[in-house]
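Here is the structure we will look at, set down as structure tokens.
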Amino acid sequence: MFRGKAKEMQSNKFIISGILILAIAACSPEPAPIHEATPESLYKGSIYYASSEYNCKNCHGTAWDGNGPEAKALKEQGLEVPAFTDATAPEVTPVDYFKAMTVGTDKTKELPSGHAYQSHTDRARWAMAHYLYSLAPPVAEKDAAKRKAAIHAAMEEVKKAYATSRRWNMGYTPISERPQSPKLEDMSGYNPAPAEE
């Protein structure tokens, strides 16, 4: 008798817990758009930076000072590696960082990658952009209005870009326009096992 009552009570607990979870999920605000900075995205940006397959820290350094192990070779080629901890002009926004990681810049186009890291998702590049942007000291009070206007204008561009797509296609060939991969049987060295009779 007690065993049956205990099972019934436990079953009721699971049902009530499930209802509470659904109610909380239904009342939770929508997640922030991928291009907005949140505490979670800033944290993830720090992780992506430190563990990037492209190893951002090899050039920009573990102290974000532009003195990573590869920076010296780049400086010899005439390419200055920026320090993320330096002050930036009031017109600089996180969008500039995002674009630099997505399509590179005029200064980085000669690098093997062009500094365009499109294997990272838009969400990952935004997280890194906001994280790295947060490392710079705030602008002087006299430039605060200029900075605010620059960020507003840049984010309007971003909202427009994402209004029709989950990715911001900037200067690279969208997947739908890329050439088709060859069929497996047309690739050299392909030798399928003979079909069993």
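Just a few scattered comments:
- Criterion violated by Asn58 - all others in (1) in a loop (DSSP other than H, G, I, E, B); (2) of a type outside the set (Lys, Arg); (3) farther than 26 Å from Val139 by Cα satisfied: (1)
- The number of residues in the stretch 83-138 being at pLDDT 90 or above, of a type in the set (Asp, Glu) and in a loop (DSSP other than H, G, I, E, B) comes to 2.
- Among the residues making up the stretch 94-126, those that are under 23 Å from Ala149 (Cα atoms) and among the basic types (Lys, Arg) are Lys99, Arg125.
- Qualifying position, being surrounded by 12 or more Cβ atoms within 10 Å (Cβ to Cβ) and in contact (Cβ under 8 Å) with a residue 40 or more places away in the chain, among Val103, Val81: Val103
The values are calculated or read from the model by the stated rules, or taken from the named source; none is laboratory data. Every value quoted in this text rests on a predicted model; they were computed, and no experiment measured them. Glycine also receives a Cβ, built like all others from the backbone with ideal geometry; neighbour counts cover every protein chain displayed.
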